[in-house]
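Worksheet: one structure, shown below.
The values are calculated or read from the model by the stated rules, or taken from the named source; none is laboratory data. On a predicted model such as this, the values are computed, not experimentally measured, just so you know. A quick note on method: Cβ atoms are made from the backbone with ideal geometry, for glycine too, and the neighbour counts reach across all protein chains shown. These accessible areas exclude ligands, DNA and RNA; they are computed on the full protein's heavy atoms, side chains included. Shrake-Rupley method; radii C 1.70, N 1.55, O 1.52, S 1.80 Å.
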Amino acid sequence: MSFYVTTPIYYVNAAPHLGHAYTTIAADVMARHHRQRGEEVFFLTGTDEHGEPVADAAHALGIEPQELADRNAERFKALAPQLEVSNDFFIRTTDPQHEAKVQEVLSRVRENGFVYMGTYEGWYCPRCADFKADSEIDEGNRCPIHHIELTREQEDNYFFRLSAFQERLEELYAEREDWVAPRTRYNEALSFIRSGLRDVPLTRHKLTWGVPVPWDEEHVFYVWFDALLNYYSALSYAPSPEGVPAGSDLTATFWPANHHLIAKDILRFHTVYWPALLMAAELELPEHIFVHGYLLMEGEKMSKSLGNVLDPFAVIERFGADALRFYLMRDVPFGQDGSVSTTSFELRYESELANELGNLASRTIAMIAQFRQGTVPPGEVDPVLAEDFTGLPARVAGHIDRAELTLALDEIWQRVRRLNRYVEEQAPWRLAKDDSRGEDLDSVLRSLAEGLRAVTVLLWPYLPSSAERLLGALGASDLSLASAELGAGAIERVSPIDSLFPKDTQPAAS
Ligand code: ME8
């Protein structure tokens, strides 16, 4: 089995912000989970470096686009390890191998008869790098996303015959109802298609910052076609990920992608242009496109251009990457818009990470140390508890297969709460006072240790470093999904552990 997941490639016109971190964390949760299933996994992220968004930003700074791209690509690259993100490759669209692949695929699209020379006239947003249909324009000729005034463009370009794919796209949507999720996004994409597809520019005459068009050097490819192809081109030159023999043909192993994760701002490119382009190039289509919502601050989409940016680095510095990952996956239902704030972050951190998981871990370990000198009594898990864990790994896997990352986390978290209730119900400290209840105490301590181990294995994709620390203290290093069944592990001894989620973290220096 193989699993290939991607994030959008981010524009290097500015530094990364929480919105980028969000998609990247989500993709990481999926990649880690699939590694737990023993699958061959390829997880791709990277940067989109061509086109007006980058050229204009560079010129505004008085530098060349390549210089800005180099500078900001480094910052995006550095974000991944800070978020504990385990991407297998980082693609930059200025990689020469990517550029060559773009030229190869788009030449094939032309040979297949889907490219012609025409004149484009219409409204254009240089921040979106998007030609806007009349129905997509806000009052005063403004971009509905960036609120800037649109420019009127008229240029001779090569066009991609998108209209030729009207029927095939409608068929695709009819045959594969889960190809775009959530359903509202599927409907949105389908209604765009049904409203009638118009051909779109494939190249830009006016721009020089892009991949040169091999059959006409006065043009570069329109940045979106260059960018979308990253998902395919990366496989032709990335090194093999862990677990896949070096020198393997990654395209054969991983194409088509299983999941593209995106936000709704780039829905049309991924759900309309992208499948049409792949059809035109005779390539297989990805299995799923999952469209998550926006992280909102004060009700406005957070973005580089609007400037109201919550800095993920500050959160990580103070609370650690796991806390940020948990917060984003837990607080904002994946697939919907959600407001983020420091207040709700701190509430989740304290009430759930510190009080629920942190305390469960510390008291379980402390009681085993105190009552049984750190040794976990062997035997079966208490059936009362086992009942509430039956089928849990499979349920979590089912949610993650549909990119329902918040639902999956909630399934797990209900068991964290169940374990805390079990402690209260059984009151091991009372059993410890009664010599005749020794076996009951053994059973309770063992069940708690095993329950904690099982939930921690499932939490690993969300909380990788805390989960590894905790499993280390439980002497249970198996991270496989199979080992997340209650009773699949046999903990012998526990070791002391420092607080997983300390409450007295210092505010970051401002
Ligand atoms: O669009 N909430 O790049 P980009 C949630 N280069 N997610 C957010 C977000 C927010 N407030 N802000 C950004 C581009 N994102 C193109 C993509 S792909 C072939 C080319 C995330 O830097 C989300 O994933 O504007 C969104 O789709 C993406 O960043 C846009 O990043």
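Of note:
- When the Cα positions of 414, 202, 147 are compared along the charge dipole of the chain, 414 comes out farthest toward the positive end, with charges on each C-beta of Lys, Arg, Asp and Glu.
- If a spin label sat at a point 7 angstrom from the Cα of residue 218 along the line to its beta carbon, the backbone N atoms of region 104-143 nearer than 14 Å would be those of 117-120.
- Seen against the Cα atoms of the chain and their longest principal axis, helix 52-61 is set at about 90 degrees.
- Nearest 10 degrees, 0 to 90: helix 166-175 Cα axis against the chain principal axis: 20 degrees
- Label-to-label distance, nm, for residues given as residue 107 and residue 74 (7 Å Cα→Cβ offset): 3.5 nm
- Summed side-chain charge close to residue 244 - residues other than residue 244 whose Cβ falls under 14 Å, Lys, Arg +1, Asp, Glu -1: -4
- Residue (of 398, 158, 219) at the positive-pole extreme of the chain, dipole from beta-carbon charges: 398
- Heavy atoms of the protein chains alone define the surface here; on that basis region 2-310 has 38 Å² accessible area per residue at 1.4 Å probe size.
- Region 2-310 shape via C-alpha gyration tensor axes, a/c threshold 1.5: rounded
- In this view, the solvent-accessible surface of residue 273, computed with a 1.4 Å probe and all protein chains in place, comes to about 10 Å².
- Rounded FRET efficiency, nearest 0.05, which uses the C-beta distance separating residue 344 from residue 435 and R0 of 45 Å: 0.40
- Dipole in debye (nearest 20) - the chain, about Cα centre, beta carbon charges: Lys, Arg +1; Asp, Glu -1: 860 debye
- Backbone N within region 438-471 under 20 Å of label point (7 Å from residue 417 Cα along the Cβ vector): 448, 451-460, 462-463
- Global geometry of region 82-238, whether rounded, prolate or oblate, following the gyration tensor of its Cα atoms and the 1.5 cut on a/c: rounded
- Only one residue of 186, 57, 169 has its Cα farthest out toward the positive end of the dipole of region 2-310, where Lys and Arg carry +1 and Asp and Glu -1 on Cβ, and that residue is 186.
- Relative to the longest principal axis of the Cα atoms of the chain, helix 359-372 runs at roughly 30 degrees.
- GluC sites (Glu not before Pro) restricted to region 313-410 and DSSP loop, no more than 15 other C-beta within 10 Å: 380
- 184, 364, reordered so the largest accessible area comes first (probe 1.4 Å): 184, 364
- Inter-label distance for residue 390 and residue 148, nm, one decimal - labels placed 7 Å from Cα along Cα-to-Cβ: 5.9 nm
- Counting lysine pairs in the chain that sit 8 or more residues apart in sequence, or on different chains, and whose Cα atoms lie under 23 Å apart gives 9.
- Binned Cα-Cα distances of region 341-484, short to long, each 5 Å bin given as a whole percent: 2, 9, 19, 22, 20, 14, 8, 4, 1, 0, 0
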